[in-house]
Amino acid sequence: MPLAAVKYSRGMFIFPSAQPAPHRSFSEEVAALNRYFGGLKSGGNAYVIGDPARPGQKWHIYYATEYPEQPMVNLEMCMTGLDKKKASVFFKTSADGNTTCAKEMTKRSGISEIIPEMEICDFDFEPCGYSMNAIHDSAFSTIHVTPEDGFSYASYEVMGFDATALAYGELVKRVLRSFGPSEFSVAVTIFGGRGQAVTWGKKLDADVYDCNNMVEQELPGGGLLIYQSFSAAEDVVVAGSPKSVLHCFERENMENAAPVKDGKLANLLCWEEEDAMEEKDGVLVE
Ligand SMILES: C[S@@+](CC[C@H](N)C(=O)[O-])C[C@H]1O[C@@H](n2cnc3c(N)ncnc32)[C@H](O)[C@@H]1O
């Protein structure tokens with residue numbers, strides 16, 4: 001089967017100096033990707049986008065394609081500073097000694113309700129951590145959770161779904177209810193034009209979160225990437241989250257360290273989608 005296209009994307013590493021080659025820098029990653037994919041018709045295209053005033057919230061994308069892509073929408077969310085109580089669901093043994101498994105984590109976290117039709121294959125790590133892959137028709141979704149205190153992180157990705165049947169703001173709200181992050185980013189990649197992507201081509205707005213930054217970037221093959229980053233509004237309660245099990249990294253600088261907001265957040269989540277797009281500069285090309 002010939003290769004049609006490749007996309008590699010990531011936010012910031014929480015422990016950059018712990019990354020092995022070729023992940024020690026984005027330039028090194030791009031050089032490695034180009035060795036495999038640089039020969040595709042578009043060539044390798046690398047972008048670092050975000051607000052230069054917020055170096056901790058950059059988004060990195062590498063994209064190469066042989067053909068114009070089929071219409072498609074893809075959502076990627078990166079969440080840090082998870083709510084203490086919500087993060088504790090992803091520890092196998094709770095403070096009172098009860099043990100749990102991946103199936104229970106899927107249910108108790110609300111992950112099973114994000115897209116209820118999805119068939120989920122979930123996995124729990126010892127002593128904590130969670131991953132799942134899910135499918136429904138042509139849609140695919142994946143979640144990875146690192147619940148440890150100080151560097152808690154969750155990622156959510158979904159693609160191949162019917163953009164007219166799923167509302168952007170509603171889906172993001174359900175994801176945020178599962179994790180209650182203090183900071184998060186959303187990257188929506190659209191192929192086939194903003195028109196067919198309906199709500200997914202619009203700006204996301206949130207009551208409880210301030211949008212720090214919004215960037216649009218065109219991709220080869222007719223693609224459009226819309227990136228936004230958010231921080232919980234100042235007046236939300238600050239709390240901690242369960243303790244680290246990765247002691248080797250405790251003294252490292254964390255690019256994404258941020259206060260964690262407690263239970264209040266989920267109740268306050270109330271989203272609206274705006275009709276008008278807001279455009280900002282700030283596209284960096286490496
Ligand atoms: C869910 S895994 C996901 C790792 C994956 N690289 C990602 O983020 O896409 C990360 C969580 O599992 C825990 N964990 C336990 N054993 C692990 C292992 N052998 N490999 C990776 N993570 C492990 C980590 O402490 C962390 O909380």
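The values are calculated or read from the model by the stated rules, or taken from the named source; none is laboratory data. Quantities reported herein were computed from a predicted structural model and do not represent experimental measurements. Here the Cβ is made from the backbone with ideal geometry for all residues, glycine too, and neighbour counts use every protein chain on show. Only protein heavy atoms, including side chains, enter the accessible area calculation; ligands, DNA and RNA are left aside. Shrake-Rupley method; radii C 1.70, N 1.55, O 1.52, S 1.80 Å.
Tell me which residues, restricted to the stretch 182-218, are out of contact with any helix residue (DSSP H, G or I) (no Cβ under 8 Å at 6 or more places or on another chain), assigned to a loop (DSSP other than H, G, I, E, B) and either closer than 25 Å to residue 136 by Cβ or open to solvent by 40 Å² or more (accessible area, probe 1.4 Å) (or both).
Once the filter is applied, which keeps residues that are out of contact with any helix residue (DSSP H, G or I) (no Cβ under 8 Å at 6 or more places or on another chain), assigned to a loop (DSSP other than H, G, I, E, B) and either closer than 25 Å to residue 136 by Cβ or open to solvent by 40 Å² or more (accessible area, probe 1.4 Å) (or both), the stretch 182-218 yields 192, 193.
Strands (runs of 3 or more DSSP E) wholly in the stretch 76-176 with at least 3 residues that are under 25 Å from residue 203 (Cα atoms) - which ones? Explain how you work it out, then say what you get.
Details: elements: 119-124, 130-136, 139-146, 153-159.
The strands (runs of 3 or more DSSP E) meeting that bar are 139-146, 153-159.
Would it be correct to say that residue 7 is part of a strand (DSSP E or B) and open to solvent by 50 Å² or more (accessible area, probe 1.4 Å)?
Spelling it out, residue 7 is indeed part of a strand (DSSP E or B) and open to solvent by 50 Å² or more (accessible area, probe 1.4 Å).
Filter the stretch 21-55 for residues that are at positive phi and either in a helix (DSSP H, G or I) or over 19 Å from the mean Cα position of the chain (by Cα) (or both) and give the result.
Within the stretch 21-55, 43 is the sole residue that qualifies.
Under 7 Å between Cβ atoms, at least 6 apart or on separate chains: pull out the pairs that start in the stretch 86-107 with a residue that is modelled with pLDDT of 95 or more and end on any residue that is among the basic types (Lys, Arg) and assigned to a helix (DSSP H, G or I).
Every condition considered, the pairs that remain are 89/108.
Out of the stretch 61-73, which residues are in a strand (DSSP E or B) and open to solvent by 10 Å² or more (accessible area, probe 1.4 Å)? Even if it seems obvious, please write down each step before you answer.
Pass one, the stretch 61-73, residues in a strand (DSSP E or B): 61-65, 72-73.
If the condition is that a residue be in a strand (DSSP E or B) and open to solvent by 10 Å² or more (accessible area, probe 1.4 Å), then 72 is the only one that fits.
So which of 155, 112 ends up being within 14 Å of the ligand (Cβ to nearest atom), open to solvent by less than 50 Å² (accessible area, probe 1.4 Å) and within 18 Å of the chain's Cα centre (by Cα)? Break it down stepwise before answering.
Working: 112 fails: within 14 Å of the ligand (Cβ to nearest atom).
Matching residue, one of 155, 112: 155.
Filter the stretch 126-152 for residues that are within 12 Å of the ligand (Cβ to nearest atom) and free of Cβ contacts under 8 Å to residues at least 24 places away in the same chain; which is surrounded by the most Cβ atoms within 10 Å (Cβ to Cβ)?
Within the stretch 126-152, the first condition is being within 12 Å of the ligand (Cβ to nearest atom), and the residues that meet it are 126-133, 142-152.
Remaining after also requiring free of Cβ contacts under 8 Å to residues at least 24 places away in the same chain: 131, 133, 142, 144, 146.
Details: 131: 16, 133: 16, 142: 15, 144: 16, 146: 21.
Out of the qualifying residues, it is 146.
Cβ-Cβ below 7 Å, separation at least six or inter-chain, first residue in the stretch 15-34 and of a type in the set (Val, Ile, Thr), second at pLDDT 95 or above: which pairs?
30/44; 30/46; 30/62
Which one is nearest to the ligand (Cβ to nearest atom), of the residues in the stretch 116-125 that are crowded, with 18+ Cβ neighbours inside 10 Å and within 21 Å of residue 79 (Cα to Cα)? Lay out the reasoning, then the answer.
Taking the stretch 116-125 as the starting set, the residues that turn out to be crowded, with 18+ Cβ neighbours inside 10 Å are 118, 120, 122, 124.
Cutting the leftovers down to within 21 Å of residue 79 (Cα to Cα) gives us 120, 122, 124.
Details: 120: 15, 122: 11, 124: 9 Å.
Per the criteria, the residue is 124.
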